[in-house]
Amino acid sequence: MILTSIKALENNYIWILYDKNNSCIIIDPGVSKIVVKKIIKKKWNPKAILLTHNHQDHTDGVKKILKIYPKIIVFGPRETEKFNVHKIIQGGDKIHLLEKDINIISTPGHTLGHISYYLKPYLFCGDTIFSAGCGKVFQNNYISMYNSIQLIKSFPGNTILCCSHEYTLSNLIFSMYFLPNDKNIKHYYKKVQKKIFLRKNIFPFYLNNEKKINIFLRTNEYFLKNSMGFEKNKDDFEIFCYLRKNKDIFGAKRD
Ligand SMILES: [Zn+2]
């Protein structure tokens, strides 16, 4: 099983998994043209589309891809129903594609019905977690988002987070505002900056590393609470809300 991605729109990642037989699955195609172009070029045989949530930058390519490849089966949570979804799935379900089991994980918060797809070691987590950050909370359901992030945090450390957006540098700048002396964050910022300058890919994002540099995964840390001026027994969930709401104002990204 080989993973690849296509950059689309302003900062979306469309993920494609393909196997030795050249069968492939596409995750969150927000556009169609470049996806189809790549499929043709690589001579892939697309079997399925997986959707994480109902935002158009994740779903807009589905209809046109289906016109060209009508045999594709589209999977998604109920909230994506109107985007040509054939099979509605939910957390706890398991689907079998490319001779592999894919576990469906309920990860609400960014949207109420957001799901993620786990095919070890890959977690296609949509707009739940980004490198050094997390997605916006659109329907005010902060507790769900907090719980989804805690759930992802409990996955094996070598899990590779396949996020749908990449805002790593701006997320790290936001983190350094709260933790200006954090060695891990500073080091990672320099590393990412260099890679971007050299036009190198900054993927993969390992959960182990995110636990060190992503402040949304560190809301239980005394160090973090202290530098934000909170007591050490301040509730982790309140820290999460504080950070996420500040991020909305700080350098607001669309997602
Ligand atoms: Zn979204």
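The values are calculated or read from the model by the stated rules, or taken from the named source; none is laboratory data. These numbers were taken from a predicted model, which means no experiment stands behind them. In this analysis, Cβ positions are derived from the backbone assuming ideal geometry, glycine residues included, and neighbour counts consider all displayed protein chains. Areas reflect the complete protein model, heavy atoms only, side chains present, ligands, DNA and RNA absent. Shrake-Rupley method; radii C 1.70, N 1.55, O 1.52, S 1.80 Å.
Straight-line reach from LYS183: which lysines have a Cα under 24 Å away, not including same-chain ones fewer than 8 places off?
LYS183 reaches LYS153, LYS191, LYS194, LYS195, LYS200, LYS211, LYS212, LYS225, LYS232, LYS234, LYS247.
Which FRET efficiency value, to the nearest 0.05, do you get for LYS42 and LYS7 by plugging their Cβ-Cβ distance into 1/(1 + (r/R0)^6) with R0 = 22 Å?
0.85
Once the piece of chain linking LYS87 and ASP248 is laid out straight, how much longer is it, given 0.36 nm per residue of separation minus the C-alpha distance between them?
54.6 nm
Could you work out how much longer the chain between ILE143 and GLU238 gets when fully extended? Use 0.36 nm per residue separation minus the Cα distance between them, nm to one decimal.
33.3 nm
Give the distance, in whole Å, between the Cα centre of the stretch 154-189 and the Cα centre of the stretch 199-255.
8 Å
Take the stretch 3-94, compute every pairwise Cα distance, and split them into 5 Å bins from 0; I just need the percent in each bin.
That works out to 3, 14, 29, 26, 18, 8, 2, 0, in percent per bin.
Give me the dipole magnitude in Debye, nearest 20, for the chain about the Cα centre, with unit charges on the beta carbon: positive for Lys and Arg, negative for Asp and Glu.
Dipole about the Cα centre, nearest 20: 1160 debye.
Can you list, largest first and rounded to whole Å, the semi-axes you get for the stretch 18-148 by taking the square root of 5 times each eigenvalue of its Cα gyration tensor? Walk me through the numbers on the way to the answer.
On the way: eigenvalues 124, 50, 37 Å².
Result for the stretch 18-148: semi-axes of 25, 16, 14 Å.
At a probe radius of 1.4 Å, what is the per-residue accessible area of ASP236, in Å² to the nearest 10?
For ASP236, the solvent-accessible surface is approximately 40 Å².
What lysines sit close enough to LYS63 to cross-link, taking a C-alpha to C-alpha distance under 20 Å and skipping anything fewer than 8 places away on the same chain?
LYS7, LYS33, LYS37, LYS38, LYS47, LYS71, LYS82, LYS87
Could you give the angle, 0 to 90 degrees to the nearest 10, between helix 142-153's Cα long axis and the longest principal axis of the Cα atoms of the chain?
Between helix and principal axis, roughly 80 degrees.
In debye, nearest 20, what is the charge dipole magnitude of the stretch 75-140 about its Cα centre with +1 on Lys and Arg Cβ and -1 on Asp and Glu Cβ, if you could check?
20 debye
What's the angle, to the nearest 10 degrees (0 to 90), between helix 183-197's Cα axis and the longest principal axis of the chain?
Compared with the principal axis, the helix lies near 40 degrees.
Keeping every protein chain present and rolling a 1.4 Å probe, give me the accessible area per residue for the chain in Å².
49 Å²
Nearest 20 debye, what's the magnitude of the dipole of the stretch 55-111 about its Cα centre given +1 on Lys and Arg Cβ and -1 on Asp and Glu Cβ?
The dipole of the stretch 55-111 has a size of about 280 debye.
Dipole of the stretch 2-163 (Lys/Arg Cβ +1, Asp/Glu Cβ -1, origin at the Cα centre): which of VAL36, TYR142, PHE75 lies farthest to the positive side?
VAL36
In nm, to one decimal, how far is the modelled label at ASN103 from the one at PHE230, with both set 7 Å along Cα→Cβ?
2.9 nm
Tilt of helix 33-42 relative to the longest C-alpha principal axis of the chain, in degrees (0 to 90, nearest 10)?
Roughly 70 degrees between the two axes.
Which whole-number percent gives the relative contact order of the chain, counting Cα pairs below 8 Å spaced six or more residues apart?
13 percent
Calculate for the chain the 222 nm mean residue ellipticity that helices alone would give, adding -39,500 (n - 2.57) per DSSP H run of length 4 or more and normalising by residue count, nearest 500 deg cm²/dmol.
Numbers: 9 runs with 87 residues, N = 255.
Mean residue ellipticity, 222 nm, calculated: -10000 deg cm²/dmol.
Answer with one residue from GLY61, ILE115, ILE104: the one whose Cα lies farthest towards the positive end of the charge dipole of the stretch 2-163, charges on Cβ with Lys, Arg +1 and Asp, Glu -1.
Value computed over the given set: GLY61.
Give the Debye-formula value of log10 I(q)/I(0) at each listed q (0.29, 0.31 Å⁻¹), with one equal scatterer per alpha carbon of the stretch 90-130, two decimals each.
Debye curve over Cα of the stretch 90-130, log10 I(q)/I(0) at q = 0.29, 0.31 Å⁻¹: -0.99, -1.06.
Which semi-axis lengths, in whole Å and largest first, follow from the square roots of five times the eigenvalues of the Cα gyration tensor of the chain?
Working: eigenvalues 205, 76, 49 Å².
Largest first, the chain gives 32, 20, 16 Å.
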